[in-house]
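Asker: This is the structure I have questions about; it appears just below.
Just so it is clear, none of the values below were taken in a lab; they were calculated from the coordinates. All of these numbers come straight from a predicted model, not from anything done at the bench. Here the Cβ positions follow ideal geometry from the backbone for every residue, glycine too, while neighbour counts run over all protein chains shown.
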Amino acid sequence: MTGTGSTPVTLLIADDDEVTRSGLRTLLAAQPGLAVVGEAADGVEAVEQARLLLPDVVLMDVRMPRRNGIEATRLLLAGSAQPPKVVVITTFENDDYVTAALSAGASGFVLKRLPVRQIAEAVRVVAAGEAILFPTTLRRMIAPRPLQGAEALPRAALTGREEEVLRLMATGLSNPEIAESLTVSLETVKTHVGNVLTKLGAQNRTHAVVIAYESGLVVAGFVG
């Protein structure tokens, strides 16, 4: 689903601040291809409302009472046959939040200070089956980190072309952009991306990029 056709992307907004929540609802409802179907004031209500309303995407705040957004994301995605996509939204540029959100199964992470059109685009991209992590956030995560146990990823796990695809994924390129860069078909790229996710045990492409940086397979300063 893209939200650009006749059927809009349905969205649930979870944030404990009523003013923020109301503002997001008003602004996002005015964006093309989006329909806000509900709100939640804490993590418990977010899970309840998501299971009741079945939105395509949940925009999930991190710091909420009763249950925080990370735990709510983990519970929601683990306990639903057809769970919604989750985009975590927060005021804080915190590496730990990003990693925790992705580990919980979120498809993306955005900051509240971003222009509403960028937040709306993140929702659309995630609803379409992609994952998103804005480059300003990603750059905070790419400093080399020590390998720890299972996080140590043997380079031989990926073929040369799969590693190349992963590096391009790490720059934020979409599948069509990767296909154009490598002069291969879109189906070929999709196959390589699928292989990368399987070999890394990643929940989505953003999680794969995080694993690659944490393992040292992709290093800081790479430019596509």
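Asker: Quick one: order THR10, THR20 by neighbouring beta-carbon count within 10 Å, fewest to most.
Answerer: THR20, THR10
Asker: Okay, moving on. Set the Förster radius R0 to 22 Å, insert the Cβ-Cβ distance between ASP17 and GLU71 as r into 1/(1 + (r/R0)^6), and round the FRET efficiency to 0.05.
Answerer: After rounding, the FRET efficiency stands at 0.75.
Asker: Could you tell me which residue out of PRO83, VAL19, LEU53 lies farthest along the dipole of segment 10-88 toward its positive end? Charges go on the beta carbon: Lys and Arg +1, Asp and Glu -1, centred on the Cα centre.
Answerer: It is PRO83.
Asker: If packing is taken as the average number of other Cβ atoms within 10 Å across a peptide's residues, how do 44-52, 114-122 rank, most packed first?
Answerer: The densest-packed peptide leads the list: 44-52, 114-122.
Asker: Can I ask one more? Below 26 Å, Cα to Cα, which lysines can LYS190 reach? Residues fewer than 8 away in the same chain don't count.
Answerer: LYS85, LYS199
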